Amino acid sequence: MEKKSTVLKKLFFSTFSLSMFTFGGGYVIISLMKTKFVDQLHWIDEEEMLDMTAIAQSSPGAIAVNGAIVVGYKLAGLPGVLVSVFGAVLPPMVILSIVSLCYDAFIANPVVASVLKGMESGISAVIVSVVWDMGAGIVKQKSVFSAAIMIGSFLACMVWKVNVVLIILTAAALGIVRTLVAEKRGRRK
Amino acid sequence: MIYLQLFFSFLQIGAFSFGGGYAAMPLIQAQIVDGHQWLTALEFTNLITISQMTPGPIAVNAATFVGTQIAGPLGAVAATVGCILPSCFFVTALAYVYTKYRKLDLLQGALGALRPAVVALIAQAGIDILVTAVFVNGHVSLDLGNVSVRAAVWFVLGLVLLRKTKLGAVPVMVLCGALEAVVSMVLGRG
């Protein structure tokens with residue numbers, strides 16, 4: 001493998017350009033990372049990349065950032081983590097800083113305001129459509145457990161106004177208990 | 001101190017958003033709109049819209065935007081560091097455990113139960129955004145004067161296009177924005 005400083009430099013520019021030109025969320029960036037690090041640079045083999053994707057998706061936080069961390073760690077240890085996270089976070093930081101600074105002037109423009117007003121309806125439709133697909137995926141599992149969690153969580157946040165973090169922790173705890181019980185039963189058989 | 005508040009708010013968002021994509025949205029809403037009231041419901045909706053149009057994860061975009069609005073560039077840095085710190089710890093630890101034991105049963109059990117919960121939370125945040133878009137004063141009521149008919153039409157049109165055609169999220173949003181701009185210009189009011 002190449003010299004460490006060369007690896008770090010390439011790592012930075014790879015995650016920077018991936019993050020700069022990736023619209024459409026974490027799952028897109030993971031497949032681009034595979035193209036870059038597996039197919040082009042041959043730094044990671046295919047199977048490892050699958051495992052790393054699983055780790056990026058199982059951890060809290062943005063999948064694009066998690067993917068950068070796991071790739072950086074694998075290629076260059078902790079310095080690799082720092083370099084690749086910095087590369088991944090820099091583009092959105094710069095772009096959103098500019099947006100934020102121009103926001104007030106931007107929003108005062110009547111044409112921009114009405115475009116944004118129309119886009120509000122558009123983003124509502126996008127989110128409803130995403131929830132539709134995700135919800136259908138849960139229903140298709142035909143699991144009473146999953147359905148109960150979904151309905152319970154919805155009631156908890158919509159009707160009873162329970163704290164979001166509390167809902168997430170409760171669901172995770174139920175999942176862990178369920179796995180432990182299933183393992184115990186499996187062992188008894 | 002405002003930097004610490006930003007840091008800890010986004011630390012929670014980073015630590016508890018499982019599943020990527022829109023999963024961070026309900027947490028950002030709870031912290032930023034309902035909790036600290038750093039953004040109004042309308043500003044939050046605009047932020048999500050802008051996030052869709054620009055590269056980068058929603059949580060990182062939100063951290064930079066809210067940080068800059070509340071406390072300038074240093075605020076943006078404090079919020080962003082808070083947002084990605086949990087990832088750094090968790091992913092590194094997991095990568096270490098994984099290479100050592102290759103067994104993540106408990107974690108997968110937890111994730112299996114988290115997925116339906118996250119769907120429900122995103123649904124709730126989506127309903128709030130829809131209500132902000134369609135009802136003039138931001139609350140559900142059957143008073144016709146409070147319903148923005150155009151917004152409702154764009155919503156239905158957008159949903160139909162997303163479900164029935166292969167159009168992606170960004171083209172549909174741009175179309176809704178352009179329609180509203182043209183119609184409001186033709187009618188001569190916003």
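Considering only residues of region B:16-33 that are within 7 Å of another protein chain (Cβ to nearest Cβ) and at positive phi, which is most open to solvent (accessible area, probe 1.4 Å)? So the residue we want is B:Gly21. Out of B:Val118, B:Val81, B:Val131, I need the residue that is open to solvent by 30 Å² or more (accessible area, probe 1.4 Å), aliphatic (A, V, I, L, M), in a helix (DSSP H, G or I) and more than 7 Å from every other protein chain (Cβ to nearest Cβ). Which one? Just a single option satisfies the conditions, and that option is B:Val81.
So how many residues does region B:42-62 have that are part of a loop (DSSP other than H, G, I, E, B) and open to solvent by 10 Å² or more (accessible area, probe 1.4 Å)? Give the derivation first.
From region B:42-62, those part of a loop (DSSP other than H, G, I, E, B) are B:54-57; that's our starting set.
Add one more test, that the residue is open to solvent by 10 Å² or more (accessible area, probe 1.4 Å), and what stays is B:54, B:56-57.
Matching residues across region B:42-62 total 3.
Is it true that A:Arg188 is modelled with pLDDT of 90 or more and open to solvent by 50 Å² or more (accessible area, probe 1.4 Å)? So A:Arg188 fails the test. One residue stands out in region A:51-64 among those that are at pLDDT 85 or above and open to solvent by 10 Å² or more (accessible area, probe 1.4 Å): the one that is nearest to the other protein chains (Cβ to nearest Cβ), namely A:Ala62. Of the residues that sit in region A:65-123 and are more than 9 Å from chain B (Cβ to nearest Cβ) and among the β-branched types (Val, Ile, Thr), which one is surrounded by the most Cβ atoms within 10 Å (Cβ to Cβ)? Across region A:65-123, the extreme among qualifying residues is A:Val71. Annotation note: of A:Leu96, A:Leu101, the sole residue that is in contact with a Phe, Trp or Tyr (Cβ under 9 Å, 6 or more places away or on another chain) and among the aliphatic types (A, V, I, L, M) is A:Leu96.
If you go through region A:135-154 and keep only what is part of a helix (DSSP H, G or I) and open to solvent by 70 Å² or more (accessible area, probe 1.4 Å), you end up with A:Val139, A:Lys140, A:Val144, A:Ile151.
Results for (1) open to solvent by 50 Å² or more (accessible area, probe 1.4 Å); (2) over 23 Å from B:Ser51 (Cβ atoms); (3) charged (D, E, K, R), shown as yes or no for each residue.
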| site | (1), (2), (3) |
| --- | --- |
| B:Leu144 | yes, yes, no |
| B:Trp154 | no, no, no |
| B:Leu161 | no, no, no |
| B:Lys164 | yes, yes, yes |
| B:Leu179 | yes, no, no |
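Residues that are closer than 30 Å to A:Ala147 by Cβ and either more than 7 Å from chain A (Cβ to nearest Cβ) or of a type outside the set (Asp, Glu) (or both) within region B:101-115 comprise B:Lys103, B:Leu104, B:Leu106, B:Leu107, B:Gln108, B:Gly109, B:Ala110, B:Leu111, B:Gly112, B:Ala113, B:Leu114, B:Arg115, listed in sequence order.
Looking only at region A:96-104, decide whether some residue is more than 30 Å from B:Ala113 (Cβ to Cβ), of a type in the set (Val, Ile, Thr), assigned to a helix (DSSP H, G or I) and over 20 Å from the mean Cα position of the chain (by Cα). Step through it out loud before you land on a result.
If we filter region A:96-104 for residues that are more than 30 Å from B:Ala113 (Cβ to Cβ), which is where we start, we get A:96-104.
Pick out the ones that are also of a type in the set (Val, Ile, Thr) and you get A:98-99.
Right, trim to assigned to a helix (DSSP H, G or I) and you get A:98-99.
Subset that is over 20 Å from the mean Cα position of the chain (by Cα): A:98-99.
Yes, that holds for at least one residue.
Of all the numbered requirements in (1) part of a helix (DSSP H, G or I); (2) free of Cβ contacts under 8 Å to residues at least 40 places away in the same chain, B:His139 misses one, and that requirement is (1).
Rundown of residues vs (1) open to solvent by less than 10 Å² (accessible area, probe 1.4 Å); (2) in a helix (DSSP H, G or I); (3) at the interface with another protein chain (Cβ under 8 Å from one of its Cβ atoms), yes/no style:
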| site | (1), (2), (3) |
| --- | --- |
| B:Thr64 | yes, yes, yes |
| B:Phe90 | no, yes, yes |
| B:Thr99 | no, yes, no |
| B:Ala123 | no, yes, yes |
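Of the residues making up region B:2-15, those that are more than 9 Å from chain A (Cβ to nearest Cβ) and open to solvent by 20 Å² or more (accessible area, probe 1.4 Å) number 7. Is it the case that A:Met20 is open to solvent by less than 20 Å² (accessible area, probe 1.4 Å) and modelled with pLDDT under 85? It is false that A:Met20 is open to solvent by less than 20 Å² (accessible area, probe 1.4 Å) and modelled with pLDDT under 85. Note on region B:26-41: residues that are touching a Leu at 6+ places or on another chain (Cβ under 9 Å), farther than 18 Å from A:Leu169 by Cβ and assigned to a helix (DSSP H, G or I) total 2.
In region B:57-80, is there at least one residue being of a type outside the set (Val, Ile, Thr) and either in contact with a His (Cβ under 9 Å, 6 or more places away or on another chain) or modelled with pLDDT under 90 (or both)? Spell out how you get there, then give the answer.
Restricting attention to region B:57-80, the residues satisfying the condition of being of a type outside the set (Val, Ile, Thr) are B:57, B:59, B:61-63, B:65, B:67, B:69, B:71-76, B:78-79.
From what is left, the residues that are either in contact with a His (Cβ under 9 Å, 6 or more places away or on another chain) or modelled with pLDDT under 90 (or both) are B:57.
Checked against the condition, which is being of a type outside the set (Val, Ile, Thr) and either in contact with a His (Cβ under 9 Å, 6 or more places away or on another chain) or modelled with pLDDT under 90 (or both), region B:57-80 yields at least one hit.
Can we say B:Val183 is over 15 Å from A:Val128 (Cα atoms), of a type in the set (Val, Ile, Thr), facing chain A (nearest Cβ under 10 Å) and free of Cβ contacts under 8 Å to residues at least 40 places away in the same chain? Taking the combined requirement at face value, the residue satisfies it.
When you check A:Val159 against the structure, is it farther than 16 Å from B:Leu121 by Cβ, more than 23 Å from the chain's Cα centre (by Cα) and open to solvent by 70 Å² or more (accessible area, probe 1.4 Å), yes or no? Give the steps one after another, and end with the answer.
Values: farther than 16 Å from B:Leu121 by Cβ: no; more than 23 Å from the chain's Cα centre (by Cα): yes; open to solvent by 70 Å² or more (accessible area, probe 1.4 Å): yes.
When the stated conditions are applied, A:Val159 does not pass them.
The values are calculated or read from the model by the stated rules, or taken from the named source; none is laboratory data. What you see is a predicted model, and the numbers here were worked out from it, not measured in a lab. Note: ideal-geometry Cβ built from the backbone for every residue, glycine included; neighbour counts use all protein chains shown. Accessible surface is based on the protein model in full, side chains and every heavy atom, while ligands, DNA and RNA are left aside. Shrake-Rupley method; radii C 1.70, N 1.55, O 1.52, S 1.80 Å.
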